[in-house]
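The values are calculated or read from the model by the stated rules, or taken from the named source; none is laboratory data. Keep in mind the model is a prediction, meaning the values are calculated, not measured. Cβ sites come from the backbone with ideal geometry, for glycine too, and all protein chains shown count toward neighbours. Each accessible area value is taken on the protein alone, full model and side chains, heavy atoms only, with ligands, DNA and RNA left out. Shrake-Rupley method; radii C 1.70, N 1.55, O 1.52, S 1.80 Å.
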Amino acid sequence: MIVGRSSDWFDGLSGATPGKRFHYHRTARDLPCVTAQLRSRLTSLVETPRLFSMSTRLRVVHNLSAAFLAGEWTLAGLVQRGGLACGKRERWIRALARRVLKEFPDFDVERSAELARFINGDKGFLRAWTNNSQRGHVPLRQLFWSNPVMRRAAGVPASWELPALTTPGALAAWLGLDPPHLDWFADCRGREAYARHEPLRHYTYQWRAKPSGRARLLEKPKQRLRAIQRRILHEILDRVPPHEAVHGYRRGRSIVTAVAPHSGRRIVLHFDLRDFFPSVRRSRVHALFAALGYPAPVARLLTGLCTNVVPEDIWRVAPESMRHLLRSPHLPQGVPTSPALANLCANSLDRRLAALARAVGANYTRYADDLTFSGDHDLERSARRFQVQVCILALEEGFEVQTRKSRFMRQGVRQQVGGIVLNQHPNLARNEYDRLKAVLFNCIRFGPDSQNREQHGDFRAHLGGRVAYAAFINPARGQRLRSLFERITWAE
């Protein structure tokens, strides 16, 4: 617990080193939160009495809360430390201490924010504050500073084994960095957006064409930042489970598990989210780390390490619809942490869509940005209204559905999602199977070089991967394809 003199209490809050007494000597004119000019002890007015600002009262409240939590949880202890914090043992402090002990009978330092809210709403404290402010007296003598703690929610989140990183210094030590380097990599000030030269940037940028004709921007972190992000992924994000409907970027799940619940259903609906990763804003990522229990300064740095702002010379060539996403802090596509963060930040969307599906007896799964629903007569009758509700929920959660790519697949047509046919059971499309089988047969007859029309560097590995994928979807067909693959004569 840190204490300091009243004349320097604002400096202590704004960046003094924990564990040291403060020795700055500021005049009352230097305190931006006090609206009247005060004497050095902040006890009497120099000018006309004036009410103090709300921020001044909140700082007094938090200081009083920290003082109560700084020692023995008894009436005498609370009165003593409250007197030190406020300058003298006024009668209202003892009455407030009694009410605090009644409301919080057990000591718990993790409830400091809840204690501060109780004090700020206490009628006795508010009456004392009004009297003191009218007399020009700020009830502040010594600054008490509570050590930050992890504040995870009760229940299942409490069982997640996350590293206890309560200060920026602890985060820097955990990552093997010193504080200046941590600040540089986190880039909370958005320097990346103004870095004109590539060596000063943390990312390299590459545009890739999509099959639809639009462009996708890959934001690839450089080696040191990528190593930092991988540690955050493996030791923090991988330990937090996403919603049960999520199958993409999740260990033990795949495209096959994502489509399996929809096989043999009367109707299958498929929707696609536009610009999935850039749509996740920095504020949502910060809220996620805060919900995991990390104090605000640590959550801010973790957020900076996992988000990015694209420089102007890169986003200027982007399509008009993407520019506002790329020039704002967002999840970059191509970063190790982005898939896990996107899944966790979309948890609210997944919960609402799953509830919407249950209302019509439908199944719901999400594989990255692909939303799939399937059901029977109830979903078939309300399919168009259901689509409208999905679009509304996505917009409310910060995403957008590409309505042009939405598909309604009844049993009379091929129900295909992610390249897998679902009409009876998950299966490889017939034309894909026949094409692969023909390539394998021609490799046996004419040699593999005759079929390597796309000039793959390792055609054997490429063809073996296609066979393994077919076997993954349909083991029986995959076994027949593998027997053909093993008959191919490969040049040494």
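General observations
- Relative contact order %, the chain, counting alpha carbon pairs below 8 Å whose residues are six or more apart: 13
- Using the Stokes-Einstein relation with a Kirkwood hydrodynamic radius computed over Cα pairs, the translational diffusion coefficient of the chain at 25 °C and a viscosity of 0.890 mPa s comes to 89 µm²/s.
- Vicinal HN-Hα couplings computed from phi for the range 178-191 (Karplus, 6.51 cos²θ - 1.76 cosθ + 1.60; Hz; Gly/Pro x): 8, x, x, 5, 4, 5, 5, 6, 5, 6, 5, 8, x, 5
- Volume per residue that the Cα convex hull of the range 285-334 spans, once the total is divided by residue count, Å³: 82
- Pair-distance profile P(r), taking every C-alpha pair of the range 261-353, with 10 angstrom steps and integer %: 15, 40, 28, 13, 4, 0
- The chain - percent of accessible surface contributed by carbon and sulfur, probe 1.4 Å: 51
- If R0 is 45 Å, the Cβ-Cβ spacing of R135 and E72 corresponds to a FRET efficiency of close to 0.90.
- Surface accessible to a 1.4 Å probe, L165 within the full protein complex, Å²: 10
- Cα convex hull, the range 97-161: 117 Å³ per residue, rounded to a whole number.
- Rounded to 5, percent antiparallel among DSSP beta bridges of the chain: 95
- Largest first, the residues H324, H202 sort by 1.4 Å accessible area into H324, H202.
- Degrees separating the helix 75-86 axis from the principal Cα axis of the chain, which is the longest one: 90
- Subtracting the Cα-Cα distance of S406 and R445 from 0.36 nm times their residue separation leaves 9.8 nm of extension gain.
- Cα long-axis angle, helix 430-446 against the chain (0 to 90 degrees, to the nearest 10): 60
- Nearby aspartates and glutamates by direct alpha-carbon distance to K220 (threshold 18 angstrom, same-chain neighbours under 8 apart not counted): D187, E192, E198, D275, E312, D313
- In the chain, the calculated helix contribution to ellipticity at 222 nm averages -13000 deg cm²/dmol per residue, counting -39,500 (n - 2.57) for every DSSP H run with n ≥ 4.
- For the range 470-492 versus the range 217-284, the inter-centroid distance based on Cα atoms is 30 Å.
- Compared with the dominant principal axis of the Cα atoms in the chain, helix 459-473 is inclined by about 80°.
- Estimated at 0.36 nm per residue, the fully extended path between E114 and S382 surpasses their Cα-Cα distance by 91.9 nm.
- Solvent-accessible surface of the chain, taken per residue with a 1.4 Å probe and all protein chains present: 51 Å².
- Computed over Cα pairs, the Kirkwood radius of the range 392-434 leads via Stokes-Einstein (1.306 mPa s, 10 °C) to a diffusion coefficient of 127 µm² per second.
- Quarter of the Cα convex hull surface for the range 69-131, i.e. its orientation-mean projected area (nm²): 3.9
- Computed over the range 334-492, the P(r) tail beyond 20 angstrom holds 63 percent of alpha carbon pairs.
- Extension gain for the segment V156 to R430, taken as residue separation times 0.36 nm less the Cα-Cα distance, is 94.2 nm to one decimal.
- With kT/(6 pi eta Rh) evaluated at 10 °C and eta = 1.306 mPa s, and Rh the Kirkwood radius from Cα pairs, the range 162-303 diffuses with a coefficient of 88 µm²/s according to Stokes-Einstein.
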